[in-house]
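To start, the structure itself, in structure tokens.
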Amino acid sequence: MKRVAVFASGNGSNFESIVHASKLEENYEIVLLFSDQPEAYALQRAHNLGIHSVSLSPSHYPDKTAYEADVLALLIRNRVDSIVLAGYMRLIGPTILKHFEKQIINIHPSLLPDFPGLNAIEQSLEAGVTETGVTIHYVDEGIDTGPVILQEKVSIDPQDTHGTLKEKIQQVEHRLYPQVLKQLYRKDEVVAETSIN
Ligand code: GRF
């Protein structure tokens, strides 16, 4: 059974959908919710779902290396095998990356390589494109640059606002992330370089 930690900085709706789906799975379990934001609603969700949660504030550390050393110690203490980023708004640095090589995945609300980084939904609306989507990818040292695992398109209709588009994207995310985790962990393939679709 793979021991998986979810990292979230805010609302945590993806975290919650992953926890619900994981209850039906035999190959992985969610053992920890980690947040860099002590006020994140994801922490409340973890409490309600009975998932162990920890938050550590980067502002209490002299630098990123010291911060990540503590996060890494937490992950090792909890015997975490694999990390799922779900709305974690911080770049993963070399301390954690080295230890979890090819064992960290992320979800992003665009069809990467389009609209990486912050405010991807706003970026797509401003660009005036008629199609965007969701990307699940391996994490490397860049901003949303790691190898793509799976993408799904979402259409942008003329009447879409930020709110309606976000809702459409999140509906896809809540289905797609559990689906990808099921396939990756079933095949024990988080280490694989190849796409699963
Ligand atoms: C999601 O849209 C995800 O793609 C992005 O951040 C958002 C997190 O939403 N990385 P939530 O906290 O899971 O509700």
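The values are calculated or read from the model by the stated rules, or taken from the named source; none is laboratory data. Computed from a prediction, not measured in an experiment: that's the story for all the values here. Here the Cβ is made from the backbone with ideal geometry for all residues, glycine too, and neighbour counts use every protein chain on show. Only protein heavy atoms, including side chains, enter the accessible area calculation; ligands, DNA and RNA are left aside. Shrake-Rupley method; radii C 1.70, N 1.55, O 1.52, S 1.80 Å.
Odds and ends about this structure:
- The solvent-accessible area of T65, taken with every protein chain present and a 1.4 Å probe, is close to 90 Å².
- Averaging 1/r across all pairs of distinct Cα atoms in the chain and inverting the result yields a Kirkwood radius of 17.1 Å.
- Couplings for the stretch 111-116, taken from phi via the Karplus curve 6.51 cos²θ - 1.76 cosθ + 1.60 with θ = phi - 60°, read 8, 4, x, 6, 6, x Hz in order; Gly and Pro are left as x.
- Among the trypsin sites (Lys or Arg not before Pro) in the stretch 49-116, those placed in a DSSP loop whose Cβ has at most 11 other Cβ atoms within 10 Å are R79.
- Nonlocal amide H pairs with S82, under 5 Å, H built at 1.01 Å: R3, A5
- In degrees, nearest ten, helix 13-22 long axis to first principal axis of the chain (Cα): 70 degrees
- Within the stretch 92-115: backbone nitrogen closer than 20 Å to the D63 label point (7 Å, Cα to C-beta): 92-99
- Solvent-accessible heavy-atom area per residue, rounded to whole Å², over the chain at 1.4 Å: 49 Å²
- Cα-centred dipole magnitude for the stretch 2-190, charges only on beta-carbon of K, R (+1) and D, E (-1), debye, nearest 20: 640 debye
- Nearest-10 value in Å² for the accessible area of H162, using the 1.4 Å probe: 70 Å²
- On Cα atoms only, tilt of 64-77 relative to the major axis of the chain in degrees: 70 degrees
- Relative to the current alpha-carbon distance between N27 and K153, full extension at 0.36 nm per residue lengthens the span by 42.6 nm.
- Folded to 0 to 90 degrees: helix 162-186 orientation relative to the chain principal axis, Cα: 50 degrees
- Highest-fluctuation residue, I83, I121, I104 considered, GNM on the chain with Cα pairs under 10 Å: I121
- Amide H within-cut-off set for Y28, under 5 Å, with H built and near neighbours excluded: K2
- Estimated from helical segments only, the mean residue ellipticity of the chain at 222 nm is -11500 deg cm²/dmol, where each DSSP H run of four or more residues counts as -39500 (n - 2.57).
- Amide H contacts under 5 Å for L112, placed H, 5+ residues apart: T135
- For E16, solvent-accessible area (1.4 Å; no DNA, RNA or ligand), Å²: 50 Å²
- Ranking V139, V148 from most to least accessible surface, computed with a 1.4 Å probe over the protein chains only, gives V148, V139.
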